[in-house]
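Each value in this text was obtained by applying a stated rule to the coordinates, not by laboratory testing. None of the values given here were measured: they were computed from a predicted structure. Neighbour counts run over all protein chains shown; Cβ positions are idealised from the backbone, glycine included.
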Amino acid sequence: MKGRPFHGAEPEEIKEGKITDVYFIRAKRILETKGINPVVKAEVVAKEFPSGWRWGILAGIEELVSLLEGLPVNARSMGEGTLFYPGEPVFEIEGNYLDFCLYETSLLGFLCQASGIATKSARLKKLAGERLVVSFGARRAHPFIAPMVERNAFIGGCDGVAVIKSAEIIGEDPMGTMPHALILILGSTLSAIKAFDEIIEPEVKRVALIDTLKDEKFEAIDIAEAMGEKLYAIRLDTPSSRRGDFKKIIEEVKWELSLRGKDKIKIFVSGGIDEDNIINLNDVVDAYGIGTAISNAPVIDFSLDIVEIEGKPIAKRGKLSGSKRVLKCKGCGKREIIPNKGTEILCECGSDMEDLLLPVIEKGEIKIELPSPAMIRDFVLQQLENISI
């Protein structure tokens, strides 16, 4: 086979700076030829967010510090999972420009897409509340990046992921029910759920997919009566051409199950679920499987811009020059961006202000202990308690 079997970059190629826009290569050649290589500070900022979002969740930091590890640079960053607002610097790098200029493309790529996915997942989880949200997004992404998609979906708030490799990365068990293919091959939903119950380990919850061949109401009744107490949930993935009023279908199913004393059976839904669907279905649904809305989440449009050269503040038009601090009040939560000077700041409410940009790399050495995905997720969920969509 000529060429690569799959179209993607290997980790060592990213570390070698091969994933870079060509103009950085040309700029590097010019500066090297001229013998110019100043110490600069550059910051990562998103001036505005997509889709009317008011806040974002920062993600991609673990990959970013791995990219920069070993380079003669210093860096400050917000912690992965931190909630941030437009205009706030989330990352700052300091070093001789030629030592890191080839990494700008990859640096932004790590942050832009990961933060978009994490933010979208946080919004979905915030709307779903205590209801389970599982990422089904891997099949809507290139396999090279599917684990990245689901890892950031998880840290953003999803309760689980479907793909085996993704689950390994986040240290959780994969979640899933059964494919339509199993039902079609075995001839009926009842045959499929009975085979599932016969063969799959008992600790895996029995969830029947009920939209494949028959009306959801009658399929739910038949499966519930046949499986008895073993049936944990039913999942509706009703195709859009058959949905009509999806909520009415679910209400009908719930009514019939409750009438027969089966009201403990959980209701899972999937198939094109997004924010509006969650708002509409929350009072009749116990869990969501969400794919395209997560994997196709809009990116956070970060940019990396020089703000200091050889200690002197300078920035292009439209940017604020100089290194900065992003402060958050420990009491009232007020946030402020100020010049990067070491003075202590008190909030108007009298409480201390904490720095959100903290050292993460010094002379190429990672100076922080990178938190686990579960720890980042807990941090995100804690912040979501105090904000609205």
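Observations
- Summed residue charge, Cβ within 13 Å of A374's Cβ, Lys/Arg positive, Asp/Glu negative: -3
- Alpha carbon Rg of region 228-371, scaled by the compact-globule rule 2.2 N^0.38 Å: 1.78
- Taking a straight line from the alpha carbon of K264, these lysines sit under 27 Å away, with near neighbours fewer than eight places off in the same chain left out: K125, K126, K194, K205, K214, K217, K230, K247, K248, K254.
- Correct option for log10 I(q)/I(0) by the Debye sum over Cα atoms at q = 0.06, 0.07, 0.10, 0.14 Å⁻¹ [calculated from the coordinates] among [x] -0.30, -0.41, -0.74, -1.17; [y] -0.48, -0.61, -0.85, -1.11; [z] -0.24, -0.33, -0.69, -1.33: [x]
- For region 307-375: span of alpha carbons on each principal axis (Å, largest first): 35, 34, 22
- Inter-label distance, nm, simple model (7 Å from Cα along the C-beta direction), E10/I200: 3.8
- Additional length obtainable on full extension of the chain from I164 to E354, 0.36 nm per residue less Cα span: 64.5 nm
- Ranked by the mean number of other Cβ atoms within 10 Å of their residues, highest first, the peptides 253-261, 241-249, 91-99 fall in the order 91-99, 253-261, 241-249.
- Computed extension length for T33-E344: 107.6 nm, one decimal, from 0.36 nm per residue of separation with the Cα-Cα distance subtracted.
- For the peptides 183-193, 344-354, the ranking by packing is 183-193, 344-354, with the highest mean count of neighbouring Cβ atoms within 10 Å listed first.
- Cross-link pairs beyond the 22 Å C-alpha cut-off, checked among K41/K324; K28/K341; K47/K330: K28/K341; K47/K330
- Sparse-neighbour loop sites [chymotrypsin sites (Phe, Trp or Tyr not before Pro); region 115-157; at most 13 other C-beta within 10 Å; DSSP]: F144
- Rel. contact order, % - alpha carbon contacts under 8 angstrom, at least six apart, region 129-295: 25
- Each of L209, G176, V161 was placed along the dipole of region 155-216 (beta-carbon charges, centred on the mean Cα), and the one lying farthest toward the positive end is L209.
- Student exercise, the chain dipole from Lys, Arg, Asp, Glu Cβ charges, in Debye to nearest 20: 980
- Only alpha carbons enter this Debye calculation for region 129-295, each as an equal point scatterer, and the log10 of I(q)/I(0) it gives at q = 0.16 Å⁻¹ is -0.96.
- Separation of region 1-75 and region 100-116, taken as the distance between their Cα centroids, equals 5 angstrom.
- Over the chain, DSSP H runs of length four or greater, each weighted -39,500 (n - 2.57), average out per residue to a 222 nm ellipticity of -10500 deg cm²/dmol.
- Euclidean distance between Cα centres, region 259-287 to region 190-235, Å: 16
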